[in-house]
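Comments concern the structure below.
The values are calculated or read from the model by the stated rules, or taken from the named source; none is laboratory data. Treat the numbers as computed from the prediction; the structure is a model and nothing was measured. Positions of Cβ are backbone-derived with ideal geometry, glycine not excepted, and every protein chain shown enters the neighbour counts.
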Amino acid sequence: MLESNKIKALISLLDDPEPEIWETAVQELSLTPYVQLGELDLYLHELTETAEQRARLENCIHVIRYEHIGNMLMDWRDRGGENLLEAVTYICQLRYPDITEMILNEKLESLRLDAWLEFHYDLTSFEKVKILNYILFQLHGFRGDEDNYLHHDNSYINKVLENKKGNPISLSIIYILVAQRLNVPVYGINLPKHFIMAYVEDEETASLSNFGDKPMISPKASGEIKFYINAYNGGGVFNLDHLRSILNDMELEEKPEYVSPCSNGDIVMRILMNLYNSYYYAKNNFEADLIEGIVAKFRFM
C-alpha cells in the first residue's frame, strides 16, 4: 500500500518540466496496488490541475487495471476456463470497469427467454438455430458492423449488446452464450479472418427432452458437427464442403483447428488480438501495448 501523502506528492510531480522527474512519478504511481485504484480515481478528479497531470494519471490507472485484469484472466485459464462469460466480463472491464458478470448475464437471459418462448420439444437442430437467428438478428436486430468494423467497441460484449452491432467473434459469443443456456450445442470455430460457429451434437445433447433441465452443457464439444453457422451474416448455415470452399478462397490449407470447435481460451485470445489490432490501427499505441502485454502472458501460460 502506498501512503496517501506519497500518492498526492507523486501526482503533483506529473507535470514537472523535467522528463526524468515526471517519468519517475509515473513509474511509481503505476506500481500502486489495485486495491487503491479507487483512491487514484478520486484524486484524478480532485487533485489534477493540468492536462498533463490528468492524462498521465489516467495512464497510470490504465496500467494498474490492465495488470490486474490480465492476472484475473490467467487465473480463469488456470481454473479450466469453463465459464466464458467470466472471461468476457474481465475483458469488458479493461475499458468499462463498472461492467459486471451479473449485468451481462441479465441481458443474455433476456435474449434466452425470448428464444425459450419460441421453443418446443420436438424441434430439429436446424429449427432451433432458425429460431435463434430470428430472435437475435430479426427481433433484436443484431448485425455486423460493416461501417466501422475495426472499432474497439465491437470487441467489448457490453457495447455489442447495447449497440446491437459487432464483429464476427463478438456476435458469435452472444449467440453461443444464449444457445448454450437453452442446451443448444453451439461452439466456436477459430477460422482465420472470420470467426464462425458449429452445431455439435452428441448423445448427451441429442437426448435432451427439454431446454432448461441443465444449468449448462459441457464447455467442450465432443460429437458430430451437423453444420456451421455464420453469425456475421445473420446466422447463415452451411456444410463442411462450403467451409472448405471458403478456406480455398482464403488460400488456406485445411487444418483441424479451422474446422473443429475451439476452446474458450482460444476465444479469449482471439478477442484480445482483435482489440490489439483495433488500437494499433487507430494509432493508440498505449492501449495496444497494454493489450499486447496481456496477450504475451496469456499465450505462454
Restricting segment 98-141 to residues that are touching a residue at least 60 places away in the same chain (Cβ under 8 Å) and in a loop (DSSP other than H, G, I, E, B), the residue that is surrounded by the fewest Cβ atoms within 10 Å (Cβ to Cβ): Tyr121
Subset of segment 288-301 (residues that are surrounded by fewer than 20 Cβ atoms within 10 Å (Cβ to Cβ) and part of a helix (DSSP H, G or I)): Ala288, Asp289, Glu292, Gly293, Val295, Ala296, Lys297, Phe298, Arg299, Phe300
Scanning segment 252-278 for residues that are assigned to a loop (DSSP other than H, G, I, E, B) and free of Cβ contacts under 8 Å to residues at least 60 places away in the same chain, the one farthest from Tyr199 (Cα to Cα) turns out to be Glu253
Restricting to segment 45-71, count the residues that are among the hydrophobic types (A, V, I, L, M, F, W, C) and over 18 Å from Asp289 (Cα atoms). 2
Quick one: count up the residues across segment 15-27 that are within 12 Å of Cys60 (Cβ to Cβ) and surrounded by 16 or more Cβ atoms within 10 Å (Cβ to Cβ). 3
Close pairs from segment 164-176: first free of Cβ contacts under 8 Å to residues at least 40 places away in the same chain, partner part of a helix (DSSP H, G or I), Cβ under 7 Å, at least 6 apart: Gly166/Asn154; Gly166/Val160
Within the bounds of segment 56-78, is there any residue that is assigned to a loop (DSSP other than H, G, I, E, B), surrounded by fewer than 18 Cβ atoms within 10 Å (Cβ to Cβ) and not aromatic (Phe, Trp, Tyr)? no
Out of segment 271-288, which residues are closer than 21 Å to Ile173 by Cα and either of a type in the set (A, V, I, L, M) or touching a Leu at 6+ places or on another chain (Cβ under 6 Å) (or both)? Ile271, Leu272, Met273, Leu275, Ser278
Selection status of Lys283, more than 22 Å from Met197 (Cβ to Cβ), assigned by TED's automatic domain parsing to the domain that holds Ile169, charged (D, E, K, R) and exposed (fewer than 13 other Cβ atoms within 10 Å of the Cβ): yes
Go through the residues of segment 204-222 one by one and say whether even a single one is at pLDDT 60 or above and in a strand (DSSP E or B). no
